[in-house]
Structure formats: structure tokens, C-alpha cells
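The values are calculated or read from the model by the stated rules, or taken from the named source; none is laboratory data. It should be emphasised that the depicted structure is a prediction, and the values quoted were computed from it without experimental measurement. Backbone-built Cβ (ideal geometry, glycine too); neighbour counts: all protein chains shown. For the accessible areas, the whole protein counts, side chains as well, though only heavy atoms, and no ligand, DNA or RNA atoms are used. Shrake-Rupley method; radii C 1.70, N 1.55, O 1.52, S 1.80 Å.
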Amino acid sequence: MAESWSFLDTFEHNFRPLVVIEFAKGTKEETIDWFTKRIVDKKANGGAQLLVKPLVTENGNENIYLVGASHLRLLLGAETVGLVKECNDNSMRTFTYSSRKTFKDFADDNHNFLTMAEGQYIIKHELENLRAKDEKMIPGYPQAKLYPGKSIVRRLLTSGVLVQIFPLHDREELKKLRHSWYGRVKVGYQPLDEIRCYFGETVALYFGFLEYFTFALIPMAVIGIPYYVFAWEDYDKYVMFATFNLLWSTVILEVWKRICSVMTYCWGTLLMKRQFEEPRPGFHGVLGINAVTGREEPVYSSIKRQIRIYLVSLPFVCLCLYFSLYVMMIYFDLERWALDYHEENESNFSSLMLFVPSIIYAVVIEIMNRIYRYAAEFLTSWENHRLESSYQNHLVLKVLVFNFLNCFASLFYIAFVLFDMKLLRQSLATLLITSQILNQFAESLLPYWLQKRHKKRMKKRMCSLKTDADLSLVEQINLEKEMGTYFGTFDDYLELFLQFGYVSLFSCVYPLAAVFAVLNNITEIYCDALKMCRVYKRPFAEPTANIGVWQLAFETMSVIAVVTNCILIGMSPQVNALFPDSKMDLILTVALVEHLLLAIKFIMAFVIPDKPRDIQIKLAKLEFESLEALKQQVRATDMYNSEK
């Protein structure tokens, strides 16, 4: 592939902008000239060999640049990032430029072989891998230090020289996607392949999981309705319902792994080799040598990081957990006040007042979760993790622990300290429904309304301008650069995780939880689709093979659900009546049933393969062919050396 770079021309007659770069206002010309030269410079000289064009308007605003690439450059970039495409024999293989003719739908004049999202991902990869050579600083900004091997884009972003880099929307494709996705109310599957082609695998997998989880909740909802209507106080029947719920939670998570592997195999990400992780943008330290790569990069003591984690972050998290419990106790004081008020003044108003403490507490929980999220991000960044994966793992752990306690501590307290099943049902229903309404409003409806207002103002301003450039493109870029930034699927998965907890942890007490979850998820699909297409800037596509650490989080929640449901059933009057003389026998029986259910869960998880048989065969076949090709290469090298 290295020989191919030499004949790659950076000139392209039909320039197609894919990515927008926005410099800060007042950025020095020498800085812009230096950076754009590095973008268009040849790979052999340390450049990205891409195409750059300034967006010039009548008011002289030249702080926005458009980045594209020639068709050949994108093909070579696809090989660099290890994209996997479908071959003519229907197998999935890593794309190489030398074997391009063997791939389905490839033609030298077919510029749609790579999707726009893949092209933008390639450009992002090349921009992020622009690295300093001999420069000691960014030209024009002596305070922004550089060293050999430092990512130039990351330094420009952290120094405030670059405002943002984002991929452009494709108006025609987006219009088609909107129509097939949420343009009309219909009962059916989402166009996941189209979502993947436009937004990338990470976003498509989230919507695939949301759709799958919604369908998986339907049996629980259908069974829960008659239990709610006809067997409200009959805990003997709830034993069957809870047992089904616990087995159901295991089956759906294992089946999801199989569905996920099929989707990601067809998309090619299941076969993508994981690249060596570079230091994350916020990582800083004394300049040193990486023992693995031999390159210069910041070095930070792991001992200092551990001190920050255990002496600062951990006590702060514990303090937040204590504060959450303190707020919970205030909530119970309000519950007692509302109950006393109802007993003194029995009326319709006093009956409604019984729900007010739970509603207030649900709102406070959402506010605390969002404030804590910012604190957790700041702390995790301050811990100075070298790798993005390590940063994400520590952030997810902090957020999950706090959110779990904040959302479910009151329910555990009501169930296992107060032993008030009626209050538990009321609190669970109120927390679930209120949190769903707040999330829908805060994540989709409010941003959509604000974006619509901004769009109207922007259109009025653009109509008053006269420009030689393509007005539609100028208008599009000015609209999109002011749109909100989509920060990934973290919050979306977190919302589903908490919903899964509400449904599974106390299923034997409130079987209607699954019904409300299904109704919420149906609207969630449309609201999330709306915000992706109308509210936020287009995110860069990110290849992924699974939902990552969230799979483990859901599985952990299902294990906790076994314990809580077994204890709740053991506390019921009907079960207690079976052991009138010995509470120890009751405890041992509940523990035995709980261990038995856990054993069944783990056996089912072991028995159900993570990948279907045909996918396993295809992966094994590709591995075998790779080994054979490697052997032939070794033999050819040995023969060449022996002839010498």
C-alpha cells in the first residue's frame, strides 16, 4: 500500500465536502495556513493528503473550512482503518486496495462503494493521526507546545484554536431516512441497515438494542396485565410470574448476543481488528518514551493516578452516595407528612397529595443524576487516564453505582426495612413514569423546540445575505455548526439500564412496570430518531462489534433481580404461613430457591452460544484462510532468502 501513496493526486475536479473544520474567530493566518498545508501535504511528508476548501461568504468569514478526499484516497484510507466489506462470494473480508476487484459492487467509477459515513470516519482517522514532526509549538501560538508524535488536532482543540470538527449531513439521504424511520407512524422494524449506513454501527446498535428490548418486554407486559387485574394480592401466583421474569431476563440477554453478532458480522465490524490505542486527548504528563511503540508521548505515574482515585474520587463518590441517602430520608419524611394529612382530611385533594412526595423525589433524582454526571466526568478526567477505554470504564462505574443507589435505594428501603408493599408499588410506579416523562422532555422535546427556533432565526438571517457560494451549502453549514453535539449513546443506554432495573428488580410487586416500559420505548424510538435527524449535528461513525460494558451491566442487574424477587416472595404472608414454627427453615428455603435460580441462569448463559453456528463457521473459515495465507507468505520469504 505504501507504493500507492506516491501516485495519489490531491486534486479533484468534483470536490465533495464531507467534514467541516471551524477555527476560533481571530485565529492567526499563519496557524490556518500551516494546518491546512499539513492536511493537503503528502503522506510521505507527514500530511493527510486530503482536500481542503475554505467556505468564503460575503461578510468575509473565513474561519470555516471544508475537508474532502479523492475517491482513491478514501479507498486507501479504508485499507488503513481496516474496513470490512462484502466480497463477490458473499463472504466478509478486510478491504485491501490491491484486491478491490473482488469486492461486491466495486467499480473504479462507482464512488458510492464507500458510504458517506465511512468516508467521514476515514477523514476523521487521518486528521486525528496528523502528528507533529519537528515543531515545538503551534505556529502563532507559542504557549501551545508540541513534541514529536503529538496529535496536532487534539492540541488545536485543547488550545482553543479549533472550535469543532464535525461531519456534514447528506440532505437527500437524511430526508429518505427520516421518511422510512419516523416519517409515518407504523408497526414494524426500524431500518437498521439504513441507520448504520448513515450514522455508523454504534448508533445503529443502540437502536437495534432498543427495538429488541422493546419487543422482549411485550411477553412480560402481556402476562403482567392479568396478574395486575386478577391476582393483585395472590403471592402464590406471583412466584410463577417472578420465576418467568428471572428466566426471561437471562434468555433475552443471551439471545441479544446472538442477534448482535449476526448484525455486526453483516456490517463487517465483528471482523475488524482492534487497533493499538493511542493516548486519549486529555492525557497529560512529562514527555517520555512509550516502551511498546518507541514513540515520544506524555508519561504519568500510575501511583499518582491511584492516589487520585482512592484518596479523592472514591471519598467523593461515597460522600455523594451518603447525600443521596440523606435526600431519600427527607423523602420518607414527606411521605409520612402526606399520609398524616390524608388521614386528617380525607378528600380527593388529600388522595392526590399522597403522590406528590414521590413525584418530587423522582424529579430530584433526575436532577441529582445529571449534576453527578458532570462531577463524575470532571473527576475521571482529572484522574488522567491514558487510554480512552480506561477513562470510559471508570466513568461508567462511577455513574452506574450512583444512579443505581439514587434510583433504587428508596425502593429497597421500603421493601426490606419498612415492609410496606403498598407504598413500594406506589413509589415504583411514580418513579418509573415520572422519570420516563422527564427524560422524554429533557432529551428530545426541549432540544427539538430550541433547535426549531434557532433554525427560523438562521433562515431569516441567511435570506438577507448575498453570496457567490452555494447558498444551500452555506445555509446548511451555518445551521449545523450551531446544532447541539451528540455525545454518544452513554445516556441512552443508562436510561434503558435503569428501566430494566425497574422492570426486573420488583417484578413480583408491580407487574405493570413492563407495560409502561413498552409504551415509553415506543415513543423513545421516535423521539431518539427525531433528535438524531433534526436536533444534533451528525456524529462521526464509530465501528463497534457489541454494546460493550453495558452487556455486563444488564447481566449484573439480572443477577441482583434474582436475589430481590426471592426475598420479596419469601416475605409474603402466604409463604410465611408455610413455615409457622421456624423462620430459619424459611430463610434456608428462600436461599436454596435463589441459588437454584442463579444456577439455572448461569447454565442457560453457558448453554446458549454467543454466536450462531453459521457465524462461528464463517469466522473459523476466515481465520483458517488467514493462517494459510501467512504460511504461504513465510514460505515465499524463505525461498527468496535461500535463493540469495
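Observations on the model:
- Summed over the stretch 345-361, the residues that are part of a helix (DSSP H, G or I) and out of contact with any Ser or Thr (no Cβ under 8 Å at 6 or more places or on another chain) give a count of 9.
- Number of the exception - Arg280 against (1) more than 27 Å from Ile615 (Cα to Cα); (2) modelled with pLDDT under 95; (3) open to solvent by 50 Å² or more (accessible area, probe 1.4 Å): (3)
- Any hit, the stretch 321-332, residues being surrounded by 13 or more Cβ atoms within 10 Å (Cβ to Cβ), part of a helix (DSSP H, G or I) and touching a Phe, Trp or Tyr at 6+ places or on another chain (Cβ under 6 Å): yes
- For the stretch 333-351, the set of residues classified as closer than 22 Å to Asn369 by Cβ and open to solvent by 60 Å² or more (accessible area, probe 1.4 Å) consists of Asp333, Leu334, listed by residue number.
- Leu66 vs. criteria in a strand (DSSP E or B) and open to solvent by less than 70 Å² (accessible area, probe 1.4 Å): yes
- Condition check for Leu494 on (1) among the aliphatic types (A, V, I, L, M); (2) part of a helix (DSSP H, G or I); (3) over 20 Å from Leu395 (Cβ atoms): one failure, at (3).
- Matching residues, the stretch 92-115, being open to solvent by less than 30 Å² (accessible area, probe 1.4 Å) and closer than 17 Å to Asp193 by Cα: Met92, Phe113, Leu114
- Number of residues in the stretch 416-440 that are of a type outside the set (D, E, K, R), exposed (fewer than 13 other Cβ atoms within 10 Å of the Cβ) and at pLDDT below 85: the value is 1.
- Complete set of residues in the stretch 8-25 that are at pLDDT below 90, among the aromatic types (Phe, Trp, Tyr) and within 35 Å of the chain's Cα centre (by Cα): Phe15
- Filter pass, Tyr502 being closer than 30 Å to Val81 by Cβ, in contact with a helix residue (DSSP H, G or I) (Cβ under 8 Å, 6 or more places away or on another chain), open to solvent by less than 50 Å² (accessible area, probe 1.4 Å) and not in a loop (DSSP other than H, G, I, E, B): no
- Candidates Lys28, Lys43, Lys37 - the one that is modelled with pLDDT of 90 or more, among the basic types (Lys, Arg) and either surrounded by 20 or more Cβ atoms within 10 Å (Cβ to Cβ) or under 27 Å from Thr115 (Cα atoms) (or both): Lys37
- Filtered by the rule that a residue be open to solvent by less than 30 Å² (accessible area, probe 1.4 Å), within 12 Å of the chain's Cα centre (by Cα), of a type outside the set (Gly, Ala, Ser) and closer than 14 Å to Ala204 by Cβ, the stretch 537-564 gives Pro539, Ile547.
- Checking Glu173 against (1) open to solvent by 40 Å² or more (accessible area, probe 1.4 Å); (2) over 30 Å from Gln190 (Cβ atoms), the condition it does not meet: (2)
- Restricting the stretch 217-238 to residues that are in contact with a Leu (Cβ under 9 Å, 6 or more places away or on another chain) and buried (at least 17 other Cβ atoms within 10 Å of the Cβ), the residue that is modelled with the lowest pLDDT: Tyr235
- Test result for Phe402, open to solvent by less than 10 Å² (accessible area, probe 1.4 Å), part of a helix (DSSP H, G or I) and over 22 Å from Tyr228 (Cα atoms): yes
- Residue within the stretch 362-385 that is touching a Ser or Thr at 6+ places or on another chain (Cβ under 9 Å), part of a loop (DSSP other than H, G, I, E, B) and open to solvent by less than 50 Å² (accessible area, probe 1.4 Å) present: yes
- Hits in the stretch 294-317 - residues which are over 30 Å from Arg131 (Cβ atoms) and exposed (fewer than 11 other Cβ atoms within 10 Å of the Cβ): Tyr310, Leu311, Pro315
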